[in-house]
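Read-outs throughout are calculated quantities, based only on the coordinates presented, and are distinct from any laboratory measurement. Source: prediction; values computed, not measured. Here the Cβ is made from the backbone with ideal geometry for all residues, glycine too, and neighbour counts use every protein chain on show.
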Amino acid sequence: MSSEFEQVQSASNQLGQQFSLALIMFHQSLADKVGLNLTDYKVLGIIGEGVTAGKIAEITGLSSGMVTTVVDRLEKKDYVFRDKDAQDRRKVIIKLNSDKVASELAPLFQSFGQVMGTLFSKYNAQEFAILEDFMRNSIDIFQKETIKIRE
């Protein structure tokens, strides 16, 4: 017979798989809605205020050629533009077209933001701190395990 820990671990693994699939499908649906593939869509989230192609490659593990292809596709759809770095004109910074992102992507997150806000409001400060600790530690684990896989 399984120990209580093994049962909890099994249930946790199943829940983690369901969570992961739901998250991926949510983001895939958003990407589909705006006519992007999942990689291009997720790269948009990396760009922020501006980033070099090299930094995108470093974060994603994509080759420099693939990053160029992704940026080209995003630029063609007017989600990003290339700009010269103010300090080093040889450097190219990839920047978001914030108007396009605000008009096409942001509205798709309105409902999600509201329901997630409602969900988080169910937890008191101590419970939220536990959730936050779990999420931060999970992110750290994902990042470290991703590096291991890439090596």
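Annotations for the structure displayed:
- Per residue, the average separation of C-alpha pairs within less than 8 Å and at least 6 apart gives the chain a relative contact order of 17 percent.
- Cα-Cα pairs of the chain separated by more than 18 Å (percent): 70
- Counted residue by residue at 0.36 nm each, then reduced by the alpha carbon distance between them, the extension gain from Ile147 to Gln14 reaches 45.5 nm.
- Within the same chain, lysines fewer than 8 places from Lys148 are excluded, and of the rest, those with a Cα less than 27 Å from its Cα are Lys42, Lys55.
- In this calculation the C-beta distance from Leu23 to Glu58 is compared with R0 = 22 Å, giving a FRET efficiency of 0.45.
- Mean residue ellipticity (222 nm) of the chain, computed from DSSP H runs ≥ 4 via -39,500 (n - 2.57), nearest 500: -23000 deg cm²/dmol
- Inter-probe distance in nm under a simple model that places probes 7 Å from Cα toward Cβ, at Ala102 and Phe134: 3.6
- A Cβ-based charge dipole, computed about the Cα centre of the chain with Lys and Arg at +1 and Asp and Glu at -1, lands at about 620 debye.
- Selection from Ile94, Phe134, Leu30, by position along the positive dipole direction of the chain (Cβ): Ile94
- Relative packing of 101-112, 35-46, which averages over residues the other C-beta atoms within 10 Å, highest first: 35-46, 101-112
- Stokes-Einstein translational diffusion, the range 105-151 - Kirkwood Rh over all Cα pairs, 0.890 mPa s, 25 °C, in µm²/s: 191
- In a simple Cβ point-charge model (Lys, Arg +1; Asp, Glu -1; nothing else charged), the range 105-151 has a dipole of about 120 debye relative to its Cα centre.
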